[in-house]
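One structure is given here, and the rest of the page talks about it.
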Amino acid sequence: MSTYALNFGAGPAKIPQAVLLKAQKEFLNVHGTGMSVMELSHRSKPFGAILEKTKKDLTELMKIPSNYTILFMQGGATTEFASVFYNLIASKQQELKQAGKEGEEIVVDYLVTGAWSSKAAQEAERLIPTVIGNPVRVNRAVNVKQSNNGKFGVIPPASEWKLTDAQKHNVAYVYYCDNETVHGVEFQSIPQIDASVPLVTDVSSNFLSRPIDVSKFGIVYGGAQKNLGPAGVTIVVIRNDLLVDLNVGPIRPLMLDFKTAADNDSMYNTPPTFAIYMVGLTLEWLKEQGGLDGIQAVNNRKAEKLYKVIDDSKLYTSPVAKDCRSHMNVVFNLTTEELEKEFLKGAEERNMHQLKGHRSVGGVRASIYNALPEEDVDALIDYMLEFEKKH
Ligand SMILES: Cc1ncc(COP(=O)(O)O)c(C=O)c1O
């Protein structure tokens, strides 16, 4: 048994060693309370201080403008597929009512570029019948699987997107997934859309991996378990004007309502205190790495050297177009499935774990999140070169 594994898992994923050691040190006695953070009331002063510091550090790192609120939600990023739909339909219904346009059709635009945006669009489609008062339509403005011979791996140029004209229709939001974890597809810039429409992005797998202009978004959200800590908390950053009263819009479970969360400082019910604490420690670590500019420089270096090995090789291929390759989830194939199996087996023997591609796509996936040290990428590269030489 080794005491340190090179962990290329896609999530739950590697947490910085320094963060785990700090948590270990404080495990039985957090901030001089004589208690573990897990034993503190969420309404206690010490936990309140942890929550405040976490919000302050996130605001600083992401440069979140003052007209946004940070929410700590539960139910994973998957729950946000429904929450985004319900809350932004509610906001649009409120706007239509005020404009005397009750009953008009509402459209939601999705850019479907991989498994996760596809699931989000499906959830919206599934929930349409629960909206009363307005017909709702989901428009897949981008539908890569359909336009690219059944395969993900590209982001078509914006000129080909079929965004709904917001001057002629009631568009509640435009949704996309910034980094598709399964397919290794990442947007390299923020989509340009009509400024009157809230832009929503799922950053679960590239959260805080590079600077982001929050002011361009209605909602930025992501689960913590890849780049920010353990599973159990999902962070939502929402523009305040999109928070609407629970009694406006679709009837929705309380726990999915953003305004309820905002009004109660994410403590309408018991929040996942340990997960929030771990996110806080990770943010402190990130600040020590030079913030988002600092970590982006390392992330770019890690990804570039890995893609170079793939591109220079006859054995490895990337199924993703060069202009949208993920800096976080580097997916690749070998020439045969047998070789892929042998590669993965050899990797395990070299203490490199969780490199298997997602069960829906196969192949190899190296998730190289913020916490994965550059030396671990170098070790993977050495193994890839050695394996290629042998074959
Ligand atoms: C980009 C993205 N969105 C959403 C999800 C779903 O997250 P959860 O399992 O927390 O619901 C994942 C999980 O891997 C993901 O990678």
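Rg over Rh of the chain, using C-alpha atoms and the Kirkwood radius, what does it come to?
0.98
Only helices at least 15 Å long along their own axis, judged from Cα atoms, and with Kyte-Doolittle mean hydropathy of -1.0 or greater: name those in the chain from DSSP H.
Correct list, ordered by number: 45-62, 76-98, 115-127, 273-288, 291-311, 374-390.
Answer with one residue from Thr79, Ala99, Pro156: the one whose Cα lies farthest towards the positive end of the charge dipole of the chain, charges on Cβ with Lys, Arg +1 and Asp, Glu -1.
Thr79
Let me have the 222 nm mean residue ellipticity of the chain computed from DSSP H runs of 4+ only, each contributing -39500 (n - 2.57), with the sum over all residues rounded to the nearest 500.
Values: 10 runs with 140 residues, N = 391.
Dividing the helical sum by the residues of the chain leaves -11500 deg cm²/dmol.
Do any of Lys14/Lys302; Lys56/Lys119; Lys314/Lys356; Lys25/Lys45; Lys25/Lys305 go past 24 Å between their Cα atoms, and which? Working shown, then result.
Details: Lys14/Lys302 15 Å; Lys56/Lys119 32 Å; Lys314/Lys356 20 Å; Lys25/Lys45 21 Å; Lys25/Lys305 35 Å.
From Lys14/Lys302; Lys56/Lys119; Lys314/Lys356; Lys25/Lys45; Lys25/Lys305, over 24 Å: Lys56/Lys119; Lys25/Lys305.
Mind listing P(r) for region 153-194? All alpha-carbon pairs, 5 Å bins, whole percents.
Calculated P(r), rounded to whole percents: 5, 18, 28, 23, 15, 8, 3, 0.
Would you list which lysines come within 28 Å of Lys97, measuring only between C-alpha atoms, while excluding same-chain residues fewer than 8 positions from it?
Lys162, Lys168, Lys216, Lys259
In square nanometres, what is one fourth of the surface area of the convex hull spanned by the alpha carbons of region 291-390?
Working: hull surface 25.7 nm².
Result: a mean projected hull area of 6.4 nm².
Using Cβ contacts closer than 10 Å as the measure, can you line up Leu199, Leu385 from fewest to most?
Numbers: Leu199 21, Leu385 14.
Ordered from fewest to most neighbouring Cβ atoms within 10 Å, Leu199, Leu385 come out as Leu385, Leu199.
Find how much the distance from Gln74 to Gln24 grows on full extension, using 0.36 nm per residue of separation minus their present alpha carbon separation; answer in nm with one decimal.
Extra length available between Gln74 and Gln24 comes to 15.6 nm.
Could you pull out every residue, at least 5 positions away or on a different chain, whose amide H is within less than 5 Å of the one on Val171? Hs are placed 1.01 Å off N in the peptide plane, and Pro or chain starts have none.
Val107
Can you tell me which of 108-114, 367-373, 317-323 comes out highest on packing, and rank the rest after it, using the mean Cβ neighbours within 10 Å?
108-114, 367-373, 317-323
If I take R0 = 41 Å and measure r between the Cβ atoms of Glu349 and Asp293 in this structure, what FRET efficiency does the formula 1/(1 + (r/R0)^6) give, to the nearest 0.05? List each step's numbers first, then the result.
Details: r = 37 Å, r/R0 = 0.91.
Once rounded, the FRET efficiency stands at 0.65.
Can you figure out the FRET efficiency of Ser196 with Trp161, using R₀ = 22 Å and their beta-carbon distance, to the nearest 0.05?
Approximately 0.80, to the nearest 0.05.
A short reminder: the numbers here are calculations on the coordinates, not readings from a lab. Given the structure is predicted, the values throughout are model-derived calculations rather than measurements. Heads up, the Cβs are rebuilt from the backbone with ideal geometry, glycines too, and the neighbour counts pull from every protein chain shown.
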